[in-house]
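This report refers to the structure that appears directly beneath it.
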Amino acid sequence: MNTLKKTCFLIHVILLGSSIYAQKISSHEKSLEMKYGTVIEVKTDETIIFKDNLSLTLESFSHKTSLKGITKASANITLRRKQEEILQFLSVYSNDHLKSEEELNSFEYTKVIEQKDGTSVSVTSHNNARFIFWKGYQIQLKEFEYDRFIKIIITKIQ
């Protein structure tokens with residue numbers, strides 16, 4: 001009888017432990033029933049899951065400094081859909097404050113640069129650091145708070 005009590009106690013401890021673990025995991029997940037195209041805040045170690053099973057996890061943040069002194073801060077994101085998974089980055093630069101809202105919010109933008117000799121040159125650039133294109137989704141970085149959260153807009157493009 002003593003062995004039966006020990007076995008029951010052990011089973012109870014295992015079930016209780018797994019229940020607490022499951023609650024901890026689910027507390028970091030948000031299942032969203034919102035329309036694509038709305039601003040979403042994602043915090044570190046948080047997973048956002050959409051109705052169509054797209055999930056996005058903000059894993060961590062990182063930063064680098066170039067030789068020119070410009071820093072790049074990145075949000076490291078894991079995207080999952082069905083059986084596929086990929087690690088991607090959304091980034092901001094220390095000189096972003098010099099860019100216009102159009103430049104920051106457009107994937108492709110054209111800028112006219114006045115030359116010293118009075119001529120103008122039109123330059124088209126891609127804003128790769130603030131956009132991710134994956135499996136028919138566009139993810140755009142809207143706001144970045146290092147080690148705290150990012151705000152993004154996810155759009156279905158297919």
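Based on this model, can you work out whether residue 137 counts as under 20 Å from the mean Cα position of the chain (by Cα) and more than 28 Å from residue 50 (Cβ to Cβ)?
It is false that residue 137 is under 20 Å from the mean Cα position of the chain (by Cα) and more than 28 Å from residue 50 (Cβ to Cβ).
What are the residues in the range 80-89 that are of a type in the set (S, T, N, Q) and assigned to a strand (DSSP E or B), if any?
Result: 88, single match.
Please work out which residue is modelled with the highest pLDDT, limiting yourself to the range 51-105 and to residues that are more than 17 Å from residue 152 (Cα to Cα) and among the small types (Gly, Ala, Ser).
Residue satisfying both the conditions and the ranking: 62.
Pick out, from the range 35-79, the strands (runs of 3 or more DSSP E) lying fully within it that include 2 or more residues that are farther than 16 Å from residue 134 by Cβ.
In the range 35-79, 39-43, 55-65 are the strands (runs of 3 or more DSSP E) which contain 2 or more residues that are farther than 16 Å from residue 134 by Cβ.
Could you tell me which of the residues 92, 121 is in contact with a helix residue (DSSP H, G or I) (Cβ under 8 Å, 6 or more places away or on another chain) and of a type in the set (A, V, I, L, M)?
When all the criteria are applied, what remains is 92.
Six or more apart or on different chains, Cβ atoms under 7 Å: show the pairs whose first residue is in the range 120-139 and over 17 Å from residue 154 (Cβ atoms) and whose second is acidic (Asp, Glu) and open to solvent by 80 Å² or more (accessible area, probe 1.4 Å).
These pairs meet every condition: 120/114; 124/108; 126/108.
Anything in the range 79-91 that is surrounded by 15 or more Cβ atoms within 10 Å (Cβ to Cβ) and polar (S, T, N, Q)? List them, or say none.
88, 91
Which condition number does residue 63 fail, the rest of (1) open to solvent by less than 90 Å² (accessible area, probe 1.4 Å); (2) under 21 Å from residue 41 (Cβ atoms); (3) touching a residue at least 40 places away in the same chain (Cβ under 8 Å) being met?
Of the numbered conditions (1) open to solvent by less than 90 Å² (accessible area, probe 1.4 Å); (2) under 21 Å from residue 41 (Cβ atoms); (3) touching a residue at least 40 places away in the same chain (Cβ under 8 Å), the odd one out for residue 63 is (1).
Under 7 Å by Cβ, and 6 or more places apart or on different chains, what pairs join a residue from the range 99-111 that is under 8 Å from residue 127 (Cβ atoms) with one that is acidic (Asp, Glu) and in a helix (DSSP H, G or I)?
104/96; 109/102; 109/103
The values are calculated or read from the model by the stated rules, or taken from the named source; none is laboratory data. For clarity, every value in this text was computed on a predicted model and none was experimentally measured. Reconstructed Cβ throughout: ideal geometry from the backbone, glycine too, with neighbour counts over all protein chains shown. What goes into the accessible areas is simple: the full protein's heavy atoms, side chains included, and nothing from ligands, DNA or RNA. Shrake-Rupley method; radii C 1.70, N 1.55, O 1.52, S 1.80 Å.
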